[in-house]
Amino acid sequence: MSEGIDPARYRSVLGHFPTGVVVVTGEGPYGLSCNSFTSVSLAPPLVAFCAAASSTTWPKIRTRGGFAVNFLGRQHAELCRRFSAAGVDRFEGVPWRPGPHSSPLLDHAVAHLECRLVREHPAGDHTIVVGEVLELDATEERAPLVFFRGMYGTFASDVMSP
Ligand SMILES: Cc1cc2nc3c(=O)[nH]c(=O)nc-3n(C[C@H](O)[C@H](O)[C@H](O)COP(=O)(O)O)c2cc1C
């Protein structure tokens, strides 16, 4: 790694930034867990995530020209592990339905988006994938899955209330 940054230390320090977790899905069905998801632009509505250049799943989703983003709930830690595991049928026993634009929408997700693939920007050992949001929905009833220092948890609104 450049400038003497140790990879293990890089991972450890960056792990101190808490994130949500999504499963990016595409027709197949295919899917992979990601915590690099972010919103990018409101007009037009763009989102992004970073796919590892080594990913075997993203190239399969890419060929469809679109993908869904499923926001995981607090009960989904095991599902998150499953969608990052090798050599397993990631969708086995997982209830889902095709969205209006054909990408798989996972049941019981906190929210989901369906996106058109707009562009990819190579960035080191990842590619920044930008999608335009075509369809979206959310529920207020489910708590999110939160990833922090390699651990799974959820959100508590006890720090500062509006
Ligand atoms: C919490 C968590 C977050 C992850 N975030 C990403 C991510 O942002 N980008 C990515 O390419 N892989 C991420 N992964 C790894 C992928 O889910 C998956 O393991 C990887 O793509 C290898 O599988 P594949 O060859 O099927 O793509 C994450 C895994 C976990 C458990």
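The values are calculated or read from the model by the stated rules, or taken from the named source; none is laboratory data. Keep in mind the model is a prediction, meaning the values are calculated, not measured. Here the Cβ positions follow ideal geometry from the backbone for every residue, glycine too, while neighbour counts run over all protein chains shown. Calculation scope for accessible area: heavy atoms of the full protein, side chains included, ligands and nucleic acids excluded. Shrake-Rupley method; radii C 1.70, N 1.55, O 1.52, S 1.80 Å.
Exactly one residue among S39, S103, S33 is free of Cβ contacts under 8 Å to residues at least 24 places away in the same chain, among the polar types (S, T, N, Q) and either away from the ligand (no atom under 12 Å from the Cβ) or open to solvent by less than 60 Å² (accessible area, probe 1.4 Å) (or both), and that residue is S39. The lone criterion from (1) within 11 Å of the ligand (Cβ to nearest atom); (2) open to solvent by 90 Å² or more (accessible area, probe 1.4 Å) left unmet by Y10 is number (1). Evaluated against (1) open to solvent by less than 70 Å² (accessible area, probe 1.4 Å); (2) closer than 19 Å to P100 by Cβ; (3) more than 15 Å from the ligand (Cβ to nearest atom), V22 falls short on exactly one condition, (3).
The rows are residues; the columns are (1) hydroxyl-bearing (S, T, Y); (2) out of contact with any Leu (no Cβ under 8 Å at 6 or more places or on another chain).
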site: P29; (1), (2): no, yes
site: L32; (1), (2): no, yes
site: V40; (1), (2): no, no
site: V47; (1), (2): no, no
site: A53; (1), (2): no, yes
site: T57; (1), (2): yes, no
site: F67; (1), (2): no, no
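Across the range 43-93, what is the total count of residues that are farther than 14 Å from Y30 by Cα, more than 11 Å from the ligand (Cβ to nearest atom) and open to solvent by less than 60 Å² (accessible area, probe 1.4 Å)? Residues flagged as farther than 14 Å from Y30 by Cα, more than 11 Å from the ligand (Cβ to nearest atom) and open to solvent by less than 60 Å² (accessible area, probe 1.4 Å) within the range 43-93 amount to 4. Being on the phi < 0 side of the Ramachandran plot, among the aromatic types (F, W, Y) and open to solvent by 80 Å² or more (accessible area, probe 1.4 Å) is true of W96.
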